[in-house]
Every structure is written in C-alpha cells, then in structure tokens.
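Trainee: Here it is, the structure in full.
The values are calculated or read from the model by the stated rules, or taken from the named source; none is laboratory data. All values reported here derive from a predicted model rather than from experimental measurement. Neighbour counts are summed over all protein chains in view; Cβ atoms, including those assigned to glycine, are modelled from backbone coordinates with ideal geometry. Accessible surface is based on the protein model in full, side chains and every heavy atom, while ligands, DNA and RNA are left aside. Shrake-Rupley method; radii C 1.70, N 1.55, O 1.52, S 1.80 Å.
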Amino acid sequence: MNVAVIQASSQAHKNKLLFDTVSKYAIDDNVINFGCSEDECYKYSYVEISLLIGLLINSNAIDFVVTECSSGQGMMLACNSMPGVIAGYAPTPKDAYLFCQINNGNVISLPLGEDYTWSGSANFDKTIMAIFSEPFGQGYPKSEAERKLKDTALLKQIRNQSQVSMTELMRKIDTSLVKKIKNKQNVLNYILNHGNGEVIDWVKEIEQIRI
C-alpha cells in the first residue's frame with residue numbers, strides 16, 4: 001500500500017514527527033512524505049491540502065493518506081468534500097482503529113495542534129499504531145462484520161453517485177487555488193510518475209498553463 005503523509009503548514013514543525021511515526025508502524029507499506037515542512041517557500045491551508053489529497057487519491061497514486069491540521073476536524077471536513085475521499089477524524093487509538101476497520105476510508109486526520117504532554121505523545125503514538133495494526137476493512141465487532149461492511153460499501157456507492165469527478169471539481173475552482181496546487185511540485189510529480197486516469201491529463205494541462 002502506498003501511504004502519503006501530508007499536512008497543513010500550520011503544523012509544519014510536526015511533519016517529521018508525523019512521518020517518522022507513520023514509518024515506524026506502516027512497516028509493510030511504502031510511505032511518502034509530501035510535507036508541508038518548515039523549509040518550504042509556500043504555505044498551505046488545510047483546504048488547499050485537501051485538494052492535493054483529492055488529487056493523490058483520485059489519481060490512484062496513493063492508497064491511504066495520514067494528515068492533520070491544528071484541530072484535525074477542519075482537514076477531515078475539507079477532505080470529505082473531495083470526490084472519492086472518505087476521511088475520518090482520529091483523536092484516539094480507538095477512533096483510528098474503528099475508522100479503519102468499519103469505515104475503511106482512505107484518509108485519516110489527526111489533531112496535532114494540541115499540547116503534547118507525555119500522555120499526549122503516547123496517545124499520538126498509539127493512534128498511529130492502531131491505524132496500521134491490522135488490514136483495513138475487516139469490520140467490527142466481528143459478530144457484525146458482514147453487516148458493517150455492507151453499509152460501508154453502500155455509503156461509498158452513494159457518495160460516488162452524488163459527486164462530480166475530481167477533474168470536474170478542479171476545473172471549477174478559483175485560479176488562485178490552482179496556482180497553489182501547481183506550486184506543490186513534489187505532489188504533482190508523484191502523480192505524473194505513479195498515477196493513472198484523467199487526473200494525470202489535468203496535471204499535464206495545468207503544467208503547460210502560465211498562472
């Protein structure tokens with residue numbers, strides 16, 4: 001599984017912590033760090049990062065994203081506005097585990113704006129561990145797993161039918177947002193090299209346009 005780490009610039013000082021912890025527990029996966037780091041020239045809000053996450057997921061370049069903003073809530077809501085994205089909010093290990101097992105989404109958002117005391121740091125570590133503790137989408141509790149998985153599949157079907165495609169969305173958004181997306185070259189290059197489908201055509205299109 002290809003796992004992306006990417007978060008808003010407001011928490012850039014915790015990017016290394018996020019990447020190192022995900023790498024520690026996602027030992028069988030390919031973990032890619034897209035920032036945002038403190039040395040990047042451009043600053044990105046959680047809304048702008050959610051668009052980049054939508055492109056990564058819809059290009060099939062990435063299977064799962066671990067992200068965050070100060071509260072974690074804003075990033076989760078923004079990501080759930082993206083076509084093809086099902087994002088969960090995971091302030092605790094239990095939330096992380098249940099989201100991955102029951103909802104089987106592709107993005108999980110963490111609240112990293114909290115002050116990390118010893119217990120806070122331990123909670124963060126255990127939350128990341130819970131995400132990757134078992135294969136996703138097994139259902140929970142086991143006695144109701146079949147019903148839970150049917151509901152999850154139905155939710156994904158309804159969301160897919162109610163949304164436009166990612167490229168349709170990107171062609172409707174403000175030019176200033178497209179410019180910010182274009183500046184995040186590590187994401188766009190990864191999509192071009194590892195993705196497929198119409199998102200690649202859109203990326204090639206904006207790369208040729210002076211914005």
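Trainee: With a ≥ b ≥ c the root eigenvalues of the C-alpha gyration tensor of the range 1-123, is it rounded (a/c under 1.5), prolate (a/b larger than b/c) or oblate?
Mentor: rounded
Trainee: Could I ask something else about it? State the label only: which of (1) 12.8; (2) 11.5; (3) 14.6 corresponds to mean projected area of the Cα convex hull in nm² computed from the shown model?
Mentor: Recomputing mean projected area of the Cα convex hull in nm² here picks out (2).
Trainee: Let me ask something additional. If each DSSP helix of 4+ residues adds -39,500 (n - 2.57) and the sum is divided by the residues in the chain, what number results at 222 nm, nearest 500 deg cm²/dmol?
Mentor: Value at 222 nm, helices only, nearest 500: -15000 deg cm²/dmol.
Trainee: While we're on this one: With a 1.4 Å probe and all protein chains in place, put Tyr97, Tyr44 in order of accessible area, largest first.
Mentor: So the residues, ranked largest to smallest area, are Tyr97, Tyr44.
Trainee: Could you go through the range 69-81 in sequence order and give the Karplus-derived ³J(HN,Hα) for each residue, using 6.51 cos²θ - 1.76 cosθ + 1.60 with θ = phi - 60°, rounded to whole Hz, and x for Gly and Pro?
Mentor: After applying 6.51 cos²θ - 1.76 cosθ + 1.60, I find 9, 4, 9, x, 5, x, 5, 4, 5, 5, 5, 6, 7 Hz.
Trainee: Per residue, how big is the convex hull of the range 1-59 when only Cα atoms are used? Give it in Å³.
Mentor: 74 Å³
Trainee: How would Asp28, Asp174, Asp20 rank on accessible area, largest to smallest, probe 1.4 Å?
Mentor: Asp28, Asp174, Asp20
Trainee: Taking the Cβ-Cβ separation of Tyr140 and Asn186 as r and a Förster radius of 25 Å, what is the calculated FRET efficiency to the nearest 0.05?
Mentor: Calculated value: 0.10.
Trainee: What is the distance in Å between the Cα centres of the range 4-34 and the range 96-113?
Mentor: 15 Å
Trainee: Also, quick follow-up: Run down the lysines and flag those whose C-alpha is under 16 Å from the C-alpha of Lys94, throwing out any fewer than 8 positions away in its chain.
Mentor: Candidates past the 8-residue exclusion: Lys126, Lys142.
Trainee: Could you compute the FRET efficiency for Ser23 and Met1, with r as their C-beta to C-beta distance and R0 at 22 Å, rounded to 0.05?
Mentor: 0.95
Trainee: Relative contact order of the chain, please, whole-number percent, based on alpha carbon pairs below 8 angstrom and at least 6 residues apart.
Mentor: About 22 percent, as a whole number.
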